[in-house]
Amino acid sequence: MSGSVLVTYGTKNGSTAEIADLIASVLRDEGLEARARPPSEVTDVAPYGAVVIGGALYMGRWHRDARRFVRRHRRALRERPVWLFSSGPLDPSASEREIPPVPGARRAQRRTDARGHVTFGGRLQAGAKGRMAKAILDEDRGGDFRDLPRVAEWAARVAAEIRAPEGL
């Protein structure tokens, strides 16, 4: 099995993609070959020894692209280490306490035998797409609630697990 790591993500307005890019960057800094790619660019997970899957949260749902990726590749994903992340709370709650996975992410955990799941804060800024996003921004509840040092710490822990003798 390859030692490279795929970081894939479902995003609507780019915040989750930026988190995925940071995770891939930390994995590379930790000595691993890692690449962040949207699910639409991934036809096969065989080239990857480990996979990190992220999904933006919208109205209590894990992003459709992340859910579909898990369904499409569930058998192959069960044969390699998998970690999951969600991004989305538009408040500091994700940095203050563990937030359990939403139902779609829980199903993904079961389908992939994921080693872990974490929820990070999200970002919603002017120009975001979608009726609900515009309503949230109109109510002045947007902003950037991502805790990037926490994301980096989590990615470093994932890298340590991958590098462990039983990791890959």
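The values are calculated or read from the model by the stated rules, or taken from the named source; none is laboratory data. Keep in mind it's a predicted model, so treat the numbers as computed, not measured. Positions of Cβ are backbone-derived with ideal geometry, glycine not excepted, and every protein chain shown enters the neighbour counts. To get the accessible areas, we keep the full protein, side chains included, count just its heavy atoms, and leave off ligands, DNA and RNA. Shrake-Rupley method; radii C 1.70, N 1.55, O 1.52, S 1.80 Å.
In the condition set (1) touching a residue at least 60 places away in the same chain (Cβ under 8 Å); (2) over 30 Å from residue 135 (Cβ atoms), residue 47 is compliant with all but (1).
Among the residues of region 12-53, how many are at pLDDT 95 or above, among the polar types (S, T, N, Q) and open to solvent by 10 Å² or more (accessible area, probe 1.4 Å)? Of the residues in region 12-53, 3 are at pLDDT 95 or above, among the polar types (S, T, N, Q) and open to solvent by 10 Å² or more (accessible area, probe 1.4 Å). Residues that are closer than 23 Å to residue 70 by Cβ and open to solvent by less than 50 Å² (accessible area, probe 1.4 Å) within region 110-136 comprise 112, 114, 116, 117, 118, 119, 120, 121, 122, 130, listed in sequence order. The set of residues in region 1-40 that are part of a helix (DSSP H, G or I) and touching a Ser or Thr at 6+ places or on another chain (Cβ under 8 Å) comprises 15, 16, 17, 19, 20, 39. Going by the conditions given, is residue 67 closer than 15 Å to residue 12 by Cβ, under 15 Å from the mean Cα position of the chain (by Cα) and part of a helix (DSSP H, G or I)? So residue 67 fits the description; yes. Only one of the listed residues (56, 159, 155) is under 16 Å from residue 11 (Cβ atoms) and surrounded by 16 or more Cβ atoms within 10 Å (Cβ to Cβ). That residue is 56.
Selection of region 143-161 for residues being of a type in the set (A, V, I, L, M) and more than 21 Å from residue 123 (Cβ to Cβ) yields 156, 158, 159, 160.
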